[in-house]
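**Q** There's a structure below that I have some questions on.
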Amino acid sequence: RSGNPAPDGNGQFALFTANYSGANQVVALSDAGTASFGGSLTGTSGPPGDLSGLFTANIADGVTQLVRTGDPAPDGNGTFASDDSSPPGLSFYGIDGSGRVPFFATFDGTSGGMMVPPDDHGAFRWEGGLIETLARAGDTVPGSTDIFEDINLMLGISSNSAGQVALNTQLFWDFIGGGM
C-alpha cells in the first residue's frame, strides 16, 4: 500500500508505477500467485536517483525488491537510470510461470559514453535474487560477431516457463565502414 516501507527500508511506496508520470503501469501475476509491479517511492535517502524500482509480492514472502534506480548494472558498467531519463530507467513486461521477471533498463554513467552503438540500455531478467543480462547495447551477440545496437523498449519482451526469452533488437550496422 502507499505509505508502506520499501523492502530495503529506503523510503515508502508512493505510486505503483515505474515512474511518477503514470506511464508503465503494468502489473502481472504468475500462475503461482506472485505479482510483479513497478513502484515509485518517496522519502528516500538519495533522490532523484533512487525513487523507483521493480518489485514482486506474494502471500508467503511479502514484497521483494528486484532492482532499484541507482543500483549498479549487473556488469558494473553504470547504474540503473532514474525515471527522468528518456526512455525511463526501468520498464518491465510481466512475470513468467517460474517467477522470472524480464525487464528493460537504461543506464547512467556507462564507460561507453557516446560510443556507437551506445552501451546505455539493455534487456535483463531477474530470477531468485540475481539479475541476468539478456542483451545489452554494445555487446556482441552470443555465437556471432554481430553487435547489439538498439534493444527495442517499445516492442516488449516475453519469456516462458522453460526460461526462453523473446525480444526485439536491432544489430549494429557500421555505415562508415560498410557494415558488421
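The values are calculated or read from the model by the stated rules, or taken from the named source; none is laboratory data. If you're wondering where the values come from, they're calculated on a predicted model, not measured in any experiment. Cβ: placed from backbone, ideal geometry, glycine included. Neighbour counts: every protein chain shown. Accessible surface areas use protein heavy atoms only, side chains included; no ligands, DNA or RNA. Shrake-Rupley method; radii C 1.70, N 1.55, O 1.52, S 1.80 Å.
**Q** Report whether or not P74 is at pLDDT 90 or above, in a loop (DSSP other than H, G, I, E, B), within 21 Å of Q164 (Cα to Cα) and open to solvent by 30 Å² or more (accessible area, probe 1.4 Å).
**A** So P74 passes the test.
**Q** With F37, F55 as the choices, which residue is among the aromatic types (F, W, Y), modelled with pLDDT of 90 or more and under 19 Å from F103 (Cα atoms)?
**A** F55
**Q** Look at the range 38-70 and say how many of its residues are free of Cβ contacts under 8 Å to residues at least 24 places away in the same chain and either open to solvent by less than 50 Å² (accessible area, probe 1.4 Å) or touching a His at 6+ places or on another chain (Cβ under 6 Å) (or both).
**A** 2
**Q** Do you know which of the residues in the range 1-34 that are hydrophobic (A, V, I, L, M, F, W, C) and either under 12 Å from G94 (Cα atoms) or modelled with pLDDT of 85 or more (or both) is surrounded by the fewest Cβ atoms within 10 Å (Cβ to Cβ)?
**A** Step by step, filter the range 1-34, then rank; the result is A32.
**Q** While we're here: Being exposed (fewer than 10 other Cβ atoms within 10 Å of the Cβ) and modelled with pLDDT of 80 or more is the filter; apply it to the range 145-180 and report the residue that is farthest from the chain's Cα centre (by Cα).
**A** T145
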